[in-house]
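A short worksheet on the structure shown next.
The values are calculated or read from the model by the stated rules, or taken from the named source; none is laboratory data. Source: prediction; values computed, not measured. A quick note on method: Cβ atoms are made from the backbone with ideal geometry, for glycine too, and the neighbour counts reach across all protein chains shown.
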Amino acid sequence: MRAILSVSDKAGVVDFARGLRRIGVELFSTGGTKKAIADAGVEVRSISDLTGFPEILDGRVKTLHPSVHGGILARRDIPEHMEAIKAAGIATIDIVVVNLYPFVQTVTKSGVSLEDAIENIDIGGPTMIRSAAKNYESVVVVVDPADYGPVLQKLEKGELDGEARMKLAQKAYQHTASYDTAIARYLSGEMFPDHMTLALEKGYGLRYGENPRQKACFYTLQDVKSRDRGLGALTHLSGPEISFNNLLDFDSAMNTLAGFSGPTVAVLKHTNPCGLASRESLAEAYRLALSGDPLAAFGGVVAANRPIDLETAEEINKTHYDAVIAPAFAPEALALLSKKKSLRLASVPFPQAEDEGLEFRNVRGGFLVQTRDIVGDEELTPKVVSKRQPTAEEMSDLAFAWRAVKAVKSNAIVIAKHSVLLGMGAGQPSRVESVSIALKKAGDRANGAVLASDAFFPFADGPELALQAGIVAMIEPGGSVNDSEVIEAVERHGATMVFTGARHFRH
């Protein structure tokens, strides 16, 4: 038996090579892989000994040779194939061990040039992998270091059957497919090309999906256009395993907090922020966020865009939550909160600002793809449409409420004051019903507060309800045929209204 080994990730390859030699496999290798194997005292020959041709073009051409691919692709069950390679002086190759240049790791580094990226496109590696995978009945193809041990054990016992070989071939084709996907994505200058493939890598299995009867798993998206790995960079620090619904809440938390630069805490329930506040003190931000809806907060998720300190942890510890997520936890905060065995603690790098990456949503038969919904700068300097101008304090609260309402399921209404969410109405078919729910949650605190609506008010009934409860300022996109009716109601109550010209539906 003969094997070719040429790997970028050299983890475990020396031990695998040693094991192959132990069962009598003749080894051929290239460049750094050959050096690593030879330096460990394992007998290995150069790929040039196989091809009779030196590596050229700075290593670009070394395995692209009939002696390599003829030996891999020849069908052992077809006499004509075997006679052809014998006549050409080519011997069969039985094992191909290859993984590819680190293209994704290279192009996601800061300051990488196009030339560097192109040089990290592997040609010979994918070609050998695909050739070996095509002829998997005769050739063992290994692309994952995690398979070295199991493959060696089966080879030693002669138990590497057709099913196992087919599984290795499937993994090989997936390896090259993901690799090509990354390259195509990097070279594409289009937001929405005619053809798009997604490269997903299994992160970990989940106990179940949204409900116990549903099976689920978490996959990370390979995106060479973004350095933000999102929940793929999450570290589970303490508590029960992370659930499907936790991840949905964590994603909502990251989207919610991305719009806030100062220390901010969100309390989420079923992906909606039922509490949200910004303060210089994170502990104070948490206390105020909890005050938004303490009843709904029970069993929810706490998210902060700053590391959790001990004071904040002591406050969080007073209420039952399902999970807490933040960029980091102070050691004493982690020690305190991890005493609650039912509380999940996780860290993840929060984005410093909103970005315009792509969002994918699966629907039956396909995907909906869109850019992320972000708050534009022009929205934070909205057009005043009422006679009374907002005060500076009202304007600050309107900006806070506008960022908050973007994170709430439509029809969305948010009531806020002093950078604290006091009440919200989410997901109602009727916008006036959302207003009613938000006012009920805010209670007497609505008096003197501001209101944000993610889309325009089609009639004056919703604003009238809010104005009667003491709302003094409103922010909404505008654009309804009944805008004048809505503005008239606002002015009649001596309140103020601004239009942003942009809506933020979240379905």
Residues being crowded, with 16+ Cβ neighbours inside 10 Å and either assigned to a strand (DSSP E or B) or of a type in the set (A, V, I, L, M, F, W, C) (or both) - total across region 3-24: 10
Can you tell me which residues in region 279-289 are surrounded by fewer than 24 Cβ atoms within 10 Å (Cβ to Cβ) and closer than 20 Å to A438 by Cα? R287, L288
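Does G470 satisfy the condition of being in a loop (DSSP other than H, G, I, E, B), surrounded by fewer than 24 Cβ atoms within 10 Å (Cβ to Cβ), at pLDDT below 95 and not assigned by TED's automatic domain parsing to the domain that holds V267? Write out each step before concluding.
Numbers: in a loop (DSSP other than H, G, I, E, B): yes; surrounded by fewer than 24 Cβ atoms within 10 Å (Cβ to Cβ): yes; at pLDDT below 95: no; not assigned by TED's automatic domain parsing to the domain that holds V267: yes.
The answer is no for G470.
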Of (1) of a type in the set (F, W, Y); (2) within 29 Å of P477 (Cα to Cα); (3) crowded, with 16+ Cβ neighbours inside 10 Å, F360 fails just (3)
Tally time: how many residues in region 66-85 are modelled with pLDDT under 90, β-branched (V, I, T) and crowded, with 17+ Cβ neighbours inside 10 Å? 2
Just to be sure before I move on: is D293 within 24 Å of the chain's Cα centre (by Cα), surrounded by 19 or more Cβ atoms within 10 Å (Cβ to Cβ), under 30 Å from Q214 (Cβ atoms) and of a type in the set (D, E) in the structure I sent? no
Check G41 against each of (1) among the small types (G, A, S); (2) in a loop (DSSP other than H, G, I, E, B); (3) within 30 Å of the chain's Cα centre (by Cα) and name the one condition it does not meet. (3)
Hey, can you tell me all the residues within region 414-440 that are closer than 17 Å to P458 by Cα and touching an Asp or Glu at 6+ places or on another chain (Cβ under 8 Å)? G425, V432
Picked from region 296-325 (must be free of Cβ contacts under 8 Å to residues at least 24 places away in the same chain and among the hydrophobic types (A, V, I, L, M, F, W, C)), the residue nearest to D249 (Cα to Cα) is V324
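Let me confirm something: among G149, G158, G124, which residue is over 16 Å from T30 (Cβ atoms) and modelled with pLDDT under 90?
Details: G149 fails: modelled with pLDDT under 90; G124 fails: over 16 Å from T30 (Cβ atoms).
Every option except G158 fails the conditions.
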Among the residues of region 424-443, is any in a loop (DSSP other than H, G, I, E, B) and either in contact with a His (Cβ under 9 Å, 6 or more places away or on another chain) or in contact (Cβ under 8 Å) with a residue 60 or more places away in the chain (or both)? yes
Failed condition for A412, given (1) surrounded by fewer than 22 Cβ atoms within 10 Å (Cβ to Cβ); (2) closer than 22 Å to P294 by Cα: (1)
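Would you mention how many residues in region 349-365 are touching a Phe, Trp or Tyr at 6+ places or on another chain (Cβ under 7 Å) and not in a strand (DSSP E or B)? Break it down stepwise before answering.
So in region 349-365, the residues touching a Phe, Trp or Tyr at 6+ places or on another chain (Cβ under 7 Å) come out as 360-361.
Of the ones still in play, those that are also not in a strand (DSSP E or B) are none.
Number satisfying all stated conditions: 0.
Identify the residue in region 141-163 that is of a type in the set (A, V, I, L, M) and surrounded by 16 or more Cβ atoms within 10 Å (Cβ to Cβ) and, among all such residues, is nearest to G125 (Cα to Cα). Give the derivation first.
At the first step, the residues of region 141-163 found to be of a type in the set (A, V, I, L, M) are 141-143, 146, 151-152, 155, 160.
Still in the list and also surrounded by 16 or more Cβ atoms within 10 Å (Cβ to Cβ): 141-143, 151-152, 155, 160.
Values: V141: 12, V142: 12, V143: 10, V151: 20, L152: 21, L155: 23, L160: 23 Å.
Top of the filtered list is V143.
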